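Derivation of every value follows stated rules applied to the coordinates shown; laboratory data play no part. Note that this is a predicted model, so its numbers are computed, not measured. Please note: Cβ atoms are built from the backbone with ideal geometry, for glycine as well, and neighbour counts cover all protein chains shown.
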Amino acid sequence: MEPITLEIPSGEDIAESIINYARHRQVSLTVLSGFGPISSVTLAPNFPMEGLFQMTSLYGTYINADCDDVPPRFIANPPHSSFSVVFTDNDGKVFGGIVGGEVIAADVVYVNVVIVNGFDFDVVDDGSTQSDSD
């Protein structure tokens, strides 16, 4: 794993910039944090919000299916990624949810990510089956 910080310029879609970075470098990545001013955000399923907000948290994962052996059941919609965001308005109200569209940077935004060179997918036993030793 390799930690890096991405600097997203004003006016850019933050989620799209992260995904394009990963695609261009043929890597998967996990977003650990993100912060900075945003001017609009669309939360899932389709809840757009506009105004000046301060993004206080961004986290999620982008799995590049072209460079990892990813079981199809792990590929979500939107394909290969899921991001969540928390942000505040000028009155201190806190909003957040799953990113369902654009998140536009109002000024420079910083995103801390970890590049992942392959994923291991394991099945976790939920305890509902008995082992042979029971």
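Report the paramagnetic label zone for Phe47: residues of segment 98-113 whose backbone N is under 16 Å from a point 7 Å from Cα along the Cα-to-Cβ axis.
The answer is 98-103.
For Ala65 and Asp125, FRET efficiency with R0 = 25 Å and r from the beta-carbon atoms, rounded to 0.05?
Values: r = 26 Å, r/R0 = 1.06.
E between Asp125 and Ala65, to the nearest 0.05, is 0.40.
Ranked highest first by average number of other Cβ atoms within 10 Å, how do 43-49, 11-17, 96-102, 21-27 line up? Working shown, then result.
Details: 43-49: 12.6, 11-17: 18.3, 96-102: 16.6, 21-27: 14.4.
Highest to lowest by the protection proxy: 11-17, 96-102, 21-27, 43-49.
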